[in-house]
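Student: The structure that follows is given in the form of structure tokens.
Values in this text are rule-based calculations from the coordinates and carry no lab data. Worth saying up front: this structure is predicted, and the values here are computed from it rather than measured. Positions of Cβ are generated from backbone atoms using ideal geometry, with glycine treated the same way; all protein chains shown enter the neighbour counts.
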Amino acid sequence: MGETSREFSGFVGSTWPSLSRERLLELWVMGLALSAAGLCAALVEGGYRIHQPAAVAVLALLAFAADYGTVRLSPTLELTVASVVCVFAAVVLGPLSGAVVAAVGLLRDLPRKDTAQPVLRWASWTSKRVLATVGAGLMAVVVMSHAGRGFLGLFAAIAAAFLVETIVGDLLGVVAPAIRQTSTIAATLRVVVPSDRVSVPVHLSTVSVLAYAYITISPWSVALFALPALAAQRLLILYRQQRETAEALGGANARLASANLSFATALVATLDARDRYTAGHSTAVAIYARDIAKRMGLSDHEQALAHVCGLVHDVGKIGLPAGLLEKPGALSLDERREMERHPAIGEEILRNVDDYGEIAEIVRSHHERVDGTGYPDRLSGDDIPILARIIAVADAYNAMTSDRPYRDAMPSRVARLRLAQAVESQFDTSVVAAFEAVLATAPESYRLGLSEAFGVQTVSRETVEEVEDLSFIGLAAAQALA
């Protein structure tokens, strides 16, 4: 590849079926070293020589210097543009010269003391680079023998050389992590292949121009290699920084999503702690809402949003007067008006939470009716957010199929019939139809909103005690907002 991959996590011991990992690694490195040495001996036997030692020395020094600017791709892999210098040497000066440049470039790694087996490491890295470099050089010789040493022929030779170097380097580089079981072959390739796609085209064009200048203008044009090599190294660093930034952003977004869900769950626990009759109601509504959204073909984001909105849809009830939720009989007119304030209170609470603006709007509208007679804003039809219409159906259904202080739970078939009777007046027809399709194939425990159907537990007395302080804080905040 355009760079040499190398593994630098520690050699760990664990028994394989017949050999330890250390022994398998030793055998693997021994095979690499013998292959590299044998290949170099074959080159000498075949008549290859080092004809321009001064140029080889300059390139070896460049490779040695470039190896100090490695770029880490993962905890087990790093890249360096030193191998680009090696490919240049192999193409322009021959595969044997490329092997010398490759070996000298890695001499800095020989005395490392931060590992248990520095010589074994150095032998592994050097052997792989030598094998990849010699392979690239031999391929270039074959191509130029047919295409000539003009610019196009040289370009074709360098392209073929980089192809061979990339394939050989990648394939040899995945073995040791797989033996150590620090990374799978597929995982290692997922790290190195994207960097190949970025770096190889840049290196190909750069090396082609420099090689042509070396051949047609002056061998001392090799000194010009320092600047583009430095630029290539900088490109790799910028590429890695961009990847790390993207990964960090993805991790931050994941943590934010987790924090949002944890916050919503805490609000649900706060509400459930106040009213044992509705404990688990918000969880059931959340799952129903998510499944309805999925059935309606909404996006993954909207499905997740429906779930969070279902969890917090009744959070405004923590701002209602004590005793109102627990009242065993029918509510008076004044009490009903007080109860109808909970969507607006919930919105006020949620709007003070970062990134909860859209959720706050949906929570405010979940008691609106499609005929415009709902509350608090008397919205109608499509003016009601689709997720609010979904929450309305899920909320009503779970309320009907759950016990209340003033009545027993309805059977699922009765609740579904009532939903159907209220389409185009209270509920959106498409939402009710989607929910019916979900319920039609669901088990009875799901239809009844039982905790075992959702893999959750309803709030226990211990949970009530645990969230007692949170309930007090939430109640005080909601009353202040009201």
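Student: Treating only the Cβ atoms of Lys and Arg (+1) and Asp and Glu (-1) as charged, compute the dipole magnitude of segment 352-402 about its Cα centre; round to the nearest 20 debye.
Tutor: That gives segment 352-402 a dipole magnitude of about 280 debye.
Student: Related question: Hey, got the Cα dimensions of segment 320-430 along the principal axes, in Å, largest first?
Tutor: Here the spans come out as 39, 37, 24 Å, largest first.
Student: Right, here's the next one. So who's got an amide H within less than 5 Å of the one on PHE427, skipping anything under 5 residues away but keeping other chains? H placed 1.01 Å off N, in plane.
Tutor: VAL370
Student: By how many nm would the segment from GLU444 to ARG108 lengthen if fully extended, with 0.36 nm per residue of separation less the alpha-carbon distance?
Tutor: Extra length from GLU444 to ARG108 when fully extended: 114.1 nm.
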